[in-house]
Amino acid sequence: MPIIEFNNVSKAYANHKVLDNFSLSIEQGEFLVLLGPSGCGKTTILKMINGLLLPDSGEIKVKEKPISSYDLIELRRGIGYVIQQIGLLPHLSVKENIYFVLDLLKKPVSEKELVAKDLINVVGMDESFLGRYPKELSGGQQQRVGVARALAANPEIILMDEPFGAVDEITRRNLQDEIIRIHKMLKKTVIFVTHDIEEAIKLGTRIVLLNNGVI
């Protein structure tokens, strides 16, 4: 069964219809890329998957259960989210940023430490970075920490909204290679938003091309 389903979903802002009778099934373990110009509905789809936005009509299911029947806080804790602005908390160390969701889940310190050490290696960084602060990292390193934080609670689903758009081209290519490696290793379901066709072709096991709210 699909892990995520959109069934005849529509969404409008004022008089602008962002999604128009939109249907899509996403299988477990896919690396699905949403590709299209600004305003075509890509980010709206991501925000609907974790309940930040609700549809005007239609139904969205996650793991065969309608989103409307979830406790949205619990739903979001089971979904990793990586954005272009990264959103690391500047007053927290790398380790504490990775801990963030685990703190909300009240995990013991011993478990949090194991997760942080494991994930900093998963994203291709050394454990010596765990004690540093975001301002001491390059943009690419910060983005890797953002990926580690998104993976911390071991979610089945990872949402990525143009996560590499703010870094230079060489760093971007390295991060693309890294996320391909992580996807193959961890078998997570990834939904990745981009307007870059080369990035979409490189990353996606399937590409959904959007325009004016339709596929």
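The values are calculated or read from the model by the stated rules, or taken from the named source; none is laboratory data. For clarity, every value in this text was computed on a predicted model and none was experimentally measured. Note that we place each Cβ from the backbone using ideal geometry, even for glycine, and neighbour counts take in every protein chain shown. Areas reflect the complete protein model, heavy atoms only, side chains present, ligands, DNA and RNA absent. Shrake-Rupley method; radii C 1.70, N 1.55, O 1.52, S 1.80 Å.
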Inset, instruction - Can you tell me which residue within the stretch 73-114, out of those that are of a type in the set (Val, Ile, Thr) and open to solvent by 30 Å² or more (accessible area, probe 1.4 Å), is nearest to the chain's Cα centre (by Cα)? - result: Ile83
Legend entry - Scan of the stretch 62-90 for residues that are in contact (Cβ under 8 Å) with a residue 40 or more places away in the chain and not aliphatic (A, V, I, L, M), ordered by number: Lys63, Glu64, Arg77, Gly78, Gly80, Tyr81, Gln84, Gln85, Gly87, Pro90
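Each row is one residue, and each column tells you yes or no for (1) touching a Leu at 6+ places or on another chain (Cβ under 6 Å); (2) closer than 16 Å to Val122 by Cβ; (3) assigned to a loop (DSSP other than H, G, I, E, B).
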| site | (1), (2), (3) |
| --- | --- |
| Val147 | no, yes, no |
| Leu159 | yes, no, no |
| Val167 | no, no, yes |
| Ile170 | no, no, no |
| Ile180 | no, yes, no |
| Met185 | no, yes, no |
| Val193 | yes, no, no |
| Lys202 | no, no, no |
| Ile207 | yes, no, no |
Inset, instruction - Return yes when Leu186 is farther than 19 Å from Ile83 by Cα and either hydrophobic (A, V, I, L, M, F, W, C) or buried (at least 22 other Cβ atoms within 10 Å of the Cβ) (or both) and no when it is not. - result: yes
Legend entry - Among the candidates Ser128, Ser57, Ser69, Ser138, residue that is under 28 Å from Lys184 (Cβ atoms), hydroxyl-bearing (Ser, Thr, Tyr), open to solvent by 20 Å² or more (accessible area, probe 1.4 Å) and at pLDDT 90 or above: Ser128
Legend entry - Any chance Asp118 is open to solvent by 60 Å² or more (accessible area, probe 1.4 Å), under 26 Å from Met48 (Cα atoms) and not in a strand (DSSP E or B): no
Inset, instruction - Hey, could you check the stretch 40-54 for residues that are without any contact (Cβ under 8 Å) to a residue 40 or more places away in the chain and open to solvent by 10 Å² or more (accessible area, probe 1.4 Å) and say which is nearest to the chain's Cα centre (by Cα)? - result: Lys47
Legend entry - Considering residues of the stretch 2-51 that are polar (S, T, N, Q) and part of a loop (DSSP other than H, G, I, E, B) only, the residue modelled with the highest pLDDT: Gln28
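Yes or no, residue by residue, for (1) within 10 Å of Gly213 (Cβ to Cβ); (2) touching a Ser or Thr at 6+ places or on another chain (Cβ under 7 Å); (3) among the aliphatic types (A, V, I, L, M):
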| site | (1), (2), (3) |
| --- | --- |
| Glu5 | no, yes, no |
| Ser25 | no, no, no |
| Gly29 | no, yes, no |
| Leu46 | no, no, yes |
| Pro55 | no, yes, no |
Legend entry - Residue selected from the stretch 170-183 under the condition crowded, with 19+ Cβ neighbours inside 10 Å and among the aliphatic types (A, V, I, L, M), by the criterion farthest from Ser138 (Cα to Cα): Ile182
Legend entry - Hits in the stretch 189-201 (condition: open to solvent by 80 Å² or more (accessible area, probe 1.4 Å) and over 16 Å from the mean Cα position of the chain (by Cα)): Ile197, Glu198, Ile201
